Amino acid sequence: MTAHAAVPSAAVGYLSDIDAQPDALLRQADHQLPAALTRLDLHAHERIILTGMGSSYYSFLPVARALTAAGLPVWRIDSGQLLDTPELITPGTLLWGTSQSGRSGELVALLDQLTGAARPRTLLATTDDPASPLAGAADAVIELRSGPETTVSTKSYLNTLAAHRRVLAALHGGPNDKSVTDALRGTAERLRTWLADPPLPTALAEQALSAAQPRFAYVGTGDDASTALTGALITKEASRVAAEGYVGGAFRHGPLELAGPGLTVLLFGTGDEQDSVLPTLARDLAATGSRVLTAGPRAYPHSDHLPTPATGGAFERLAFQMAHVQQLTVALARTAGQVPGDFRFGRKITDIL
């Protein structure tokens, strides 16, 4: 377990939230989903819109992929963009909004417009606060049960992935909820063991930040892209180190010019060489002098390895990938003389447009 003694209170809170993730995941597994989900017919809606901001929005990526693969008309749009184009929400829409606080400024402003004839057919809410505006407007509320967080999203992100996994099973004819929650409990205990003595990548942080122009890129494919996008976000928040997240081949379309000494790239995937994007990207980046690492069960060739369990499925892989990123943010912040997880300009709930 990361030591908390003699450090500023913001850092203690962030480190404590990281350590508390297994217990939060168990609370999610123990919480009963709303019965209304089992009666909801996805095919009765003309479109399904998934929305949120920040990590709440990125957490929808596995949901969007699963529903799209099932042939359903799915739109994943952040709440700011949706607020700008509310016409996308029709009377036949299933709107699913996720917000840890249930009070994100863009989402609340959007809800204010969705009254009367403008209301979607069904509104689902995933939130930690059943008294929030988002929950109050919803037809069914999926509670995160992650509990209060001090600063950067830790418990809430993991529990959002877990809650989404459970809702998918309920809506989409996947495994029954008991098998899903049993898997979540197993992941929680394995994560607890890992967090008892986590590998703090201090040497990686020191090497990266000693470069003349240090920069980070996180690239993921499939469900793992949610880790790349959220990981880059929390790296900026928790350590104030510039990092950008990319989905698959998007990195080659311009950002590739950032390659070379000083660039550290984290690849999030399964490590399979059959992957159509990441093995080649790892090779090409390593050839430029970039530092390349794979966060997954196996390392892509030409990369170093941040290992995740080889068993446990996609959810467990994503959980451990994010645990590695969290430890990296702590190491980066400390190396840079910053307080891990300390907000200087923002705040936990972004309710201002």
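Quick notes on this structure:
- The range 92-122, residues that are touching a helix residue (DSSP H, G or I) at 6+ places or on another chain (Cβ under 7 Å), surrounded by fewer than 21 Cβ atoms within 10 Å (Cβ to Cβ) and outside any helix (DSSP H, G or I): Arg103
- The single condition among (1) within 18 Å of Met53 (Cα to Cα); (2) of a type in the set (Gly, Ala, Ser); (3) modelled with pLDDT under 95 that Ser99 does not meet is (3).
For (1) over 15 Å from Asp139 (Cβ atoms); (2) of a type in the set (Gly, Ala, Ser); (3) not assigned by TED's automatic domain parsing to the domain that holds Gly231, each residue gets a yes or a no:
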| site | (1), (2), (3) |
| --- | --- |
| Arg47 | yes, no, yes |
| Asp78 | yes, no, yes |
| Thr93 | no, no, yes |
| Ser104 | yes, yes, yes |
| Pro120 | no, no, yes |
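- Options Ser303, Ser276, Ser239; residue that is over 16 Å from the mean Cα position of the chain (by Cα) and over 19 Å from Arg215 (Cα atoms): Ser276
- Any chance Thr126 is crowded, with 24+ Cβ neighbours inside 10 Å and assigned to a strand (DSSP E or B): yes
- Looking only at the range 242-263, and only at residues there that are small (Gly, Ala, Ser) and at pLDDT 95 or above, the one that is nearest to the chain's Cα centre (by Cα): Gly245
- For Val241, the stated conditions do not hold, so it cannot be described as in a strand (DSSP E or B), in contact with a Leu (Cβ under 9 Å, 6 or more places away or on another chain) and not polar (S, T, N, Q).
- Identity of the residue in the range 138-169, in a loop (DSSP other than H, G, I, E, B), of a type in the set (D, E, K, R) and at pLDDT 95 or above, that ends up farthest from Asp182 (Cα to Cα): Asp139
- Whichever residue in the range 237-250 is among the hydrophobic types (A, V, I, L, M, F, W, C) and under 27 Å from Gly341 (Cα atoms) and, among such residues, is surrounded by the fewest Cβ atoms within 10 Å (Cβ to Cβ): Ala242
Table: residues versus (1) at pLDDT below 95; (2) hydroxyl-bearing (Ser, Thr, Tyr); (3) surrounded by 23 or more Cβ atoms within 10 Å (Cβ to Cβ).
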{"residue": "Leu278", "(1), (2), (3)": "no, no, yes"}
{"residue": "Asp284", "(1), (2), (3)": "no, no, no"}
{"residue": "Leu293", "(1), (2), (3)": "no, no, no"}
{"residue": "Ala299", "(1), (2), (3)": "no, no, no"}
{"residue": "Gln338", "(1), (2), (3)": "yes, no, no"}
{"residue": "Phe343", "(1), (2), (3)": "yes, no, no"}
{"residue": "Asp351", "(1), (2), (3)": "yes, no, no"}
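- Enumeration of residues in the range 30-63 that are within 18 Å of the chain's Cα centre (by Cα) and part of a helix (DSSP H, G or I): Ser55, Ser56, Tyr57, Tyr58, Leu61, Pro62, Val63
- When the range 239-262 is filtered for residues that are on the phi > 0 side of the Ramachandran plot and either charged (D, E, K, R) or not assigned by TED's automatic domain parsing to the domain that holds Pro279 (or both), only Arg240 remains.
- Test result for Phe315, under 20 Å from Thr235 (Cα atoms), in the same structural domain as Pro214 (by TED's automatic domain parsing), among the aromatic types (Phe, Trp, Tyr) and within 20 Å of the chain's Cα centre (by Cα): no
- Condition met for Thr90 (polar (S, T, N, Q), in contact with a strand residue (DSSP E or B) (Cβ under 6 Å, 6 or more places away or on another chain), modelled with pLDDT of 95 or more and over 25 Å from Asp129 (Cα atoms)): no
The values are calculated or read from the model by the stated rules, or taken from the named source; none is laboratory data. Just so you know, these numbers come straight off a predicted model, no measurement behind them. In this analysis, Cβ positions are derived from the backbone assuming ideal geometry, glycine residues included, and neighbour counts consider all displayed protein chains.
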